Amino acid sequence: MELLAVPALLVIMALWVVHSIVLNRRLNQSQNRYHQFFCDSPVALIVIDQNYRILEWNQSAESIFGWSALEALNKDIIDFLVPSFDKTHVMNILQKASAEGSSHSKNYNVTKYRNEIFCEWGNRLLPGHKGDILCMAQDITASKKTLDELSKRSTALESAGDAIFYTDHKGLIEFANRSFFLLNLGEPDEVYGRHIGAYLFNEKRSFSAIQSQFNADHMWRGTITKPSQKGDKVLSVTITAIYNRQRLISYVANLHDITQLSTHVDTLTHKAHHDPLTGATNRAAMDDRLFRAIERASQTSQRIALFFIDLNDFKIVNDRYGHEVGDKLLSEVAKNLKACLRNTDTVSRYGGDEFVIIIEDIHNQEHIDTVFHTIQSAINEPIIINEYVTLQAKASVGMAIYPEDAMDADTLIKAADSSMYRIKKEKSSVKELSPNEFVPTLYADNHNH
């Protein structure tokens with residue numbers, strides 16, 4: 001039996017040796033694989049001991065931080081890689097990994113070349129290694145800069161004085177800044193999700209026409225009027241189409257409130273084109289309108305009637321009642337003339353007590369007669385100055401017709417002026433009645449053509 005036991009023991013020992021060799025081989029293979037993974041990992045891998053001294057340092061760590069493994073080994077990782085303002089934060093993160101098994105952070109680091117970079121760290125306690133910690137780092141400086149840039153742009157967008165909104169690639173509004181909502185053009189739930197065309201131009205079809213007007217820089221500029229909670233607003237609008245690789249990704253709209261400026265411009269324009277006393281078109285504007293009216297008439301074979309009106313004995317009114325009364329008489333006559341004619345007709349104060357009326361699209365003689373009698377009735381309207389004085393104007397009215405009497409503006413005005421003077425020579429009278437009675441100080445003449 002003892003002889004049989006010896007061979008059995010030898011067999012067991014041989015099997016144990018073979019098993020040990022196999023285990024060692026597998027262990028070596030595993031260690032080799034780990035070492036290969038450790039060295040080739042695209043992430044910086046650093047092993048530190050419980051005192052935070054560097055035990056291992058792979059090639060990616062060398063690429064990111066600049067130091068070789070020989071330069072980094074046995075260095076305190078906090079003193080070695082962390083700037084002073086972030087040391088306490090990193091210390092707390094590593095202590096958390098020791099206590100809880102893992103920790104994560106984003107913090108600043110310094111490189112061999114004293115550059116400051118921003119890294120994302122994952123730290124994990126290694127089991128059975130007496131407190132060793134595996135630290136994994138990725139350089140996210142570029143991402144951080146991008147995020148910082150986006151944050152700055154977002155802050156600038158939100159704090160911009162102009163109203164700004166942007167859309168998705170379909171043109172649906174995704175975001176509007178604070179200045180936009182200060183215009184009172186709608187609440188977020190009324191704005192977000194609406195198509196830019198429907199919102200700015202009331203319908204998508206109108207926006208399609210706008211798109212055809214974009215310039216080479218994919219921009220369109222124009223002026224629109226939109227209702228708000230505080231009345232209509234006039235807005236200067238710039239729309240920019242944003243493309244990425246020839247694919248539309250967004251529209252950005254910049255809106256600037258020019259309501260006050262527009263109102264001011266309209267006021268200045270009105271002052272530039274109208275007589276300040278009567279509100280009638282002034283002489284310069286009348287000349288321009290007559291020129292354009294003749295251009296249109298020449299293209300459409302239409303006729304134009306031009307009436308030249310002179311208030312008779314107007315000086316007597318100024319002498320007897322004062323210039324304020326004379327001014328009121330002029331203003332009321334102009335008001336009555338404008339009230340009795342079409343919006344397309346022009347009533348102009350040509351001189352001190354002279355008015356010119358331009359009537360386009362004259363059809364026939366009956367039309368001319370009707371317009372004349374309408375003008376005459378407007379001039380004859382009693383004008384109450386005060387409880388004691390009521391005036392009634394008398395005027396000499398001359399007329400000229402385009403193209404029969406003249407083919408250009410200057411000649412047409414001269415023809416109407418000559419017609420007026422012929423009439424003026426025929427009649428002129430002034431009559432005053434006692435107070436509280438109707439006072440026909442001026443009377444209206446018939447026209448002659």
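Each reported figure results from applying straightforward, stated rules to the coordinates on display, with no laboratory input. On a predicted model such as this, the values are computed, not experimentally measured, just so you know. Cβ atoms come from the backbone with ideal geometry, glycine included; neighbour counts cover every protein chain shown.
Measuring r between the beta carbons of Ser143 and Gln246 and using R0 = 35 Å, the FRET efficiency lands at 0.85.
Round to the nearest 0.05 the FRET efficiency obtained for Leu277 and Lys414 when R0 = 25 Å and r is the Cβ-Cβ distance. Efficiency computed from Cβ-Cβ geometry: 0.50.
Taking one quarter of the surface of the convex hull spanned by the alpha-carbon atoms of segment 32-157 gives a direction-averaged projected area of 8.6 nm². With R₀ set to 41 Å, the beta-carbon distance separating Ile258 from Ser151 gives a calculated FRET efficiency near 0.85.
In terms of its Cα atoms, segment 110-156 spans 52, 26, 11 Å along the principal axes, sorted from long to short.
Indicate the gyration tensor shape class of segment 274-426 (rounded, prolate or oblate), computed on the Cα atoms with a ≥ b ≥ c the square roots of the eigenvalues: a/c under 1.5 is rounded; otherwise a/b larger than b/c is prolate and the rest oblate. Here segment 274-426 falls in the prolate category. Excluding same-chain neighbours fewer than eight residues apart, the lysines reachable from Lys335 by a Cα-Cα span under 24 Å are Lys271, Lys315, Lys394, Lys424, Lys431.
Taking 7 Å steps out from each Cα toward its Cβ at Asp76 and His104 produces label points 2.9 nm apart.
Non-local lysine pairs in segment 41-155, meaning eight or more places apart or on different chains, with alpha-carbon distances under 19 Å, amount to 11.
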